Amino acid sequence: MANIIITGSSRGIGFEMAKLFAEEGHQVLALSRNEKPIVNLKHKNINAFSFDLSKQEDLKKLQKYVSENWNQVDVLINNAGKLLNKPFLEISPAEFEEVYKVNVFGVASVTQLILPSMKKTGHVVTISSMGGVQGSMKFPGLAAYSSSKAAVITLTELWAEEFKENGPSFNVLALGAVQTEMLEEAFPGYQAPNTALEMASYIKDFALTGNKFYNGKLLQVSSSTP
């Protein structure tokens, strides 16, 4: 059984993943700013606390938890994300920075903190978007979001190269549209082809086995145009 950290676990894909891993007997640390939905599950294999990956004090809290409770981390899933749908000329510098704080800087900070606790057999899976894939169809209003998701694709390639001798494997999944609360908030009324549970099941299996076949790779997980 593996020790698994999931960020962005209060709803959507992250919430469903936490439940799936726990039901299989894995130990899950489920992190999100709103920990109540996970805590309310009262699952013996899930631990959770309020966590904002842009705050240094919360990163220290994470480091303390891992050092005191686990000998190692087997899987880190960088799932937390912030989606902003707004015309480029209307995005304030603060809004642009806030997206990057979560989608890029936060991902880098959590990964940097957890890497010393991971072995060669470990797997870091970062969730990106089809909007961040070079050459894919782009949509107006997503300048901050999609560009931030492109950044973590390149980060993943760099990590795989830098830690290829002794570090874990790093892969990034570019997801197409998934029916989540975040999608509904950004694109009201849009119907995605996949549910959060369906995507969570795929990511769960990939996180546990994908590192046997891939390292430093971008996988496009989409059956639709977006």
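The values are calculated or read from the model by the stated rules, or taken from the named source; none is laboratory data. Model, not experiment: these values are computed from the prediction. Neighbour counts are summed over all protein chains in view; Cβ atoms, including those assigned to glycine, are modelled from backbone coordinates with ideal geometry. The area values use the complete protein model at the heavy-atom level, side chains included, leaving out ligands, DNA and RNA. Shrake-Rupley method; radii C 1.70, N 1.55, O 1.52, S 1.80 Å.
Okay, here's what the table says:
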{"quantity": "Out of GLU35, GLU68, GLU16, sole residue that is in contact with a Leu (Cβ under 8 Å, 6 or more places away or on another chain) and of a type in the set (Asp, Glu)", "calculated": "GLU16"}
{"quantity": "Residue among SER92, SER10 that is among the hydroxyl-bearing types (Ser, Thr, Tyr) and closer than 17 Å to ILE127 by Cβ", "calculated": "SER10"}
{"quantity": "Residue match in the range 104-120 (condition: under 14 Å from SER147 (Cβ atoms), open to solvent by 40 Å² or more (accessible area, probe 1.4 Å) and in contact (Cβ under 8 Å) with a residue 12 or more places away in the chain)", "calculated": "yes"}
{"quantity": "Unique match (being part of a loop (DSSP other than H, G, I, E, B), of a type in the set (Phe, Trp, Tyr) and at pLDDT 85 or above) among TYR214, TYR202", "calculated": "TYR214"}
{"quantity": "Given (1) over 29 Å from PHE206 (Cβ atoms); (2) open to solvent by 70 Å² or more (accessible area, probe 1.4 Å); (3) in a loop (DSSP other than H, G, I, E, B), number of the condition GLU97 does not satisfy", "calculated": "(3)"}
{"quantity": "The range 81-91, subset of a type in the set (A, V, I, L, M) and open to solvent by 30 Å² or more (accessible area, probe 1.4 Å), residue farthest from THR7 (Cα to Cα)", "calculated": "LEU89"}
{"quantity": "Members of the range 13-28 found to be open to solvent by less than 10 Å² (accessible area, probe 1.4 Å) and either more than 18 Å from VAL75 (Cβ to Cβ) or not in a helix (DSSP H, G or I) (or both), listed by number", "calculated": "VAL28"}
{"quantity": "Residue check for LEU31: within 26 Å of THR121 (Cβ to Cβ), under 16 Å from the mean Cα position of the chain (by Cα), at pLDDT 95 or above and surrounded by 17 or more Cβ atoms within 10 Å (Cβ to Cβ)", "calculated": "yes"}
{"quantity": "Residues satisfying the stated conditions in the range 128-144, i.e. open to solvent by 30 Å² or more (accessible area, probe 1.4 Å) and in a helix (DSSP H, G or I)", "calculated": "ALA143"}
{"quantity": "Condition met for ALA48 (of a type outside the set (Asp, Glu), farther than 15 Å from ILE114 by Cβ, part of a strand (DSSP E or B) and within 17 Å of the chain's Cα centre (by Cα))", "calculated": "yes"}
{"quantity": "When residues of the range 145-185 are limited to those that are aliphatic (A, V, I, L, M) and open to solvent by 50 Å² or more (accessible area, probe 1.4 Å), the one modelled with the highest pLDDT", "calculated": "LEU158"}
{"quantity": "The range 54-77 - residue that is of a type in the set (D, E, K, R) and in a loop (DSSP other than H, G, I, E, B) and, of those, farthest from THR111 (Cα to Cα)", "calculated": "LYS55"}
{"quantity": "Residue list for the range 49-80, restricted to those being of a type in the set (Gly, Ala, Ser) and either farther than 12 Å from GLY8 by Cβ or open to solvent by 30 Å² or more (accessible area, probe 1.4 Å) (or both)", "calculated": "SER50, SER54, SER67"}
